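The values are calculated or read from the model by the stated rules, or taken from the named source; none is laboratory data. As the structure is a prediction and not an experimental result, all values here were calculated from the model. When we count neighbours, we look across all protein chains shown, and the Cβ atoms used for this are built from the backbone with ideal geometry, even at glycine.
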Amino acid sequence: MGPPIIGVSNSIEKISELIKHVADTGLNVVITGETGVGKEVVAQNLYQSSPRKGKPFIKVNCAALPDGLLESELYGYERGAFTGAEKKKKGKFELAHGGVLFLDEIGDMSMPLQAKLLHVLQSGEFAPLGSEKEVVSDTWIIAATNHNLEQEIIKNHFREDLYYRLNIITIDIPPLRERPEDISQLIEYYLGIYTSQFNKKNLLQPNLAIIEKLTKYHWPGNVRQLQNVLKSSLVLGDWDKTIVALFSSADADDRPSPKSTVPESVALITEYLDLDGVNSPEQPSFSLKSIKKTYLEKIEREVISYILSSTGWNRSKAAKILKISYKTLLYKITDLNLSPPA
Ligand SMILES: Nc1ncnc2c1ncn2[C@@H]1O[C@H](COP(=O)(O)OP(=O)(O)OP(=O)(O)O)[C@@H](O)[C@H]1O
Ligand SMILES: [Mg+2]
C-alpha cells in the first residue's frame, strides 16, 4: 500500500529520517504542504514504519462532508440517534482502534467539531451519537492540511488548543518547485510504473533537454501534476506537445482568474462582477443591501434547517435552541419554504 517516498533533495531525506524517528513514538503528527505534494504518501509511510502496521489505517476527509455527516462518520451512532438512523453504525474512530486515523484536510473542520475532537483527544474516549456509553479510543492521529494552521488560528478558524494537541510533530513538505532535484528521480520512477500499467513496450525516455524543461517548471499541482504530465506524454508517445501545453498555461496558473477572487457572498448576487462597468445595466441586482439580505437569508436557512433536522423537526425544541419564539419559527419555516424529510 502506498508508494515509497522518492526524492534525493535534502528536504525529502530529512522527511524520511523524521518518519523513522516518529513512527514508533505514536506522537500525533500534522503533515502540511500544498496540494499534490505527498502528504498522504507520508502518512502511509509513517503507518507502514510503525508498530501499528497491519492494524487498520482509516482515512477521513474532513472537507468532503457536511458537519452532521462528518460527526456521525467519525464517532458513529446508535440506532434511533436521529431520523434516518435505522441501525447502529460504527464510527471511524472505533474502526481505527489500534491503528491509525488519518484526518485529511483537518484545516477545514468546523469549530464545533474541532471542540469535540479536542475533547476526545484529551479524554481518550468518545460516545457515539445517541449513546451514553463512552468508548475508549486507542488511535494514532495523523492529520494533514494544505492550510496554514497558524494563520487559521489568527482568523479564528482553528482552535489553538486543538492545534497544540495535534501538532506535536510537524512534517512540512515543501512544494516541488523548491526541490527541483527530486524531479528526475520522480520521472524515472513513475515512467517505469506507467509504462507497465499502460502496457507500453518501450519506455519513453526523456532526453536531458526535456528533463531540464520539466525541472524549470513551477508545478503548482506538485507531484500529482507531474504524474499527469507523464501519463499524457506516454499516451501521446511524445514529450513536445505536453511540454508546450504546460508552459503555455504557466502564466494563467500564476494569476488567479478574476472569477476566483470574487467572494462567495458577491458571487451569490452576480455571476461575475465587472468592476469597470459599475453602472452597466447588466448588474441591476447588485447592491450591498441585496447582498446582505441574500446572504443573511442563506445563513438563516442553513442554521434553521440544521437545527430542525438535528432535533428531528421538534419545533418547540428547535425554537428554544435558536432562542426565538415558537411562532417566529413557524413563520420562518413557511417563509423559507422548509419542510421535514418525507
Ligand atoms: N515523494 C514522493 N514519492 C513518490 N510519490 C509521490 C511523492 N510525493 C507525492 N507522490 C505521489 O503524488 C500523488 C499525490 O500525492 P498525495 O496524494 O500524497 O498528495 P497530497 O499532499 O495528499 O495532496 P492533496 O492535498 O491534494 O490531498 C500520489 O499519487 C503520490 O503517490
Ligand atoms: Mg491528500
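Out of segment 43-73, which residues are away from ligand 1 (no atom under 15 Å from the Cβ), in contact (Cβ under 8 Å) with a residue 40 or more places away in the chain and either of a type outside the set (S, T, N, Q) or farther than 21 Å from residue 116 by Cα (or both)?
Of everything in segment 43-73, those that are away from ligand 1 (no atom under 15 Å from the Cβ), in contact (Cβ under 8 Å) with a residue 40 or more places away in the chain and either of a type outside the set (S, T, N, Q) or farther than 21 Å from residue 116 by Cα (or both) turn out to be 50, 52, 55, 56, 58, 67, 68, 70, 71.
So that you can scan it fast, the table gives a plain yes or no per residue for (1) of a type in the set (S, T, N, Q); (2) within 14 Å of ligand 2 (Cβ to nearest atom); (3) under 21 Å from the mean Cα position of the chain (by Cα):
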site	(1), (2), (3)
20	no, no, no
25	yes, no, no
30	no, yes, yes
48	yes, no, no
63	no, yes, yes
87	no, no, no
103	no, yes, yes
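Please work out if residue 187 is under 20 Å from the mean Cα position of the chain (by Cα) and buried (at least 18 other Cβ atoms within 10 Å of the Cβ). Before you say what the answer is, go through the steps one by one.
Numbers: under 20 Å from the mean Cα position of the chain (by Cα): no; buried (at least 18 other Cβ atoms within 10 Å of the Cβ): yes.
No; evaluated as a whole, the condition is false for this residue.
Of all residues in segment 65-85 being under 21 Å from the mean Cα position of the chain (by Cα) and farther than 21 Å from residue 139 by Cα, which is nearest to ligand 2 (Cβ to nearest atom)?
65
I'm checking my understanding of the structure. Among residues of segment 32-46 that are within 11 Å of ligand 2 (Cβ to nearest atom) and of a type outside the set (Gly, Ala, Ser), which one is nearest to the chain's Cα centre (by Cα)?
35
Keeping to segment 315-335, report how many residues are closer than 14 Å to residue 302 by Cα and surrounded by 14 or more Cβ atoms within 10 Å (Cβ to Cβ).
Residues flagged as closer than 14 Å to residue 302 by Cα and surrounded by 14 or more Cβ atoms within 10 Å (Cβ to Cβ) within segment 315-335 amount to 5.
Of 223, 262, 229, 244, which residue is at pLDDT 80 or above and more than 20 Å from residue 6 (Cα to Cα)?
244
Can you say whether residue 7 is surrounded by 14 or more Cβ atoms within 10 Å (Cβ to Cβ) and touching a Pro at 6+ places or on another chain (Cβ under 9 Å), as far as the supplied structure shows?
Working: surrounded by 14 or more Cβ atoms within 10 Å (Cβ to Cβ): yes; touching a Pro at 6+ places or on another chain (Cβ under 9 Å): no.
No: the conditions fail for residue 7.
When segment 148-180 is examined, which residues are found to be within 30 Å of residue 215 (Cα to Cα) and buried (at least 16 other Cβ atoms within 10 Å of the Cβ)?
The answer is 149, 171, 173, 174, 175, 176, 179, 180.
Being among the aromatic types (Phe, Trp, Tyr) and more than 20 Å from the chain's Cα centre (by Cα) is the filter here, so list the residues in segment 126-179 that pass it.
126
Kindly indicate which of 197, 205, 227 is polar (S, T, N, Q) and within 11 Å of ligand 1 (Cβ to nearest atom).
227
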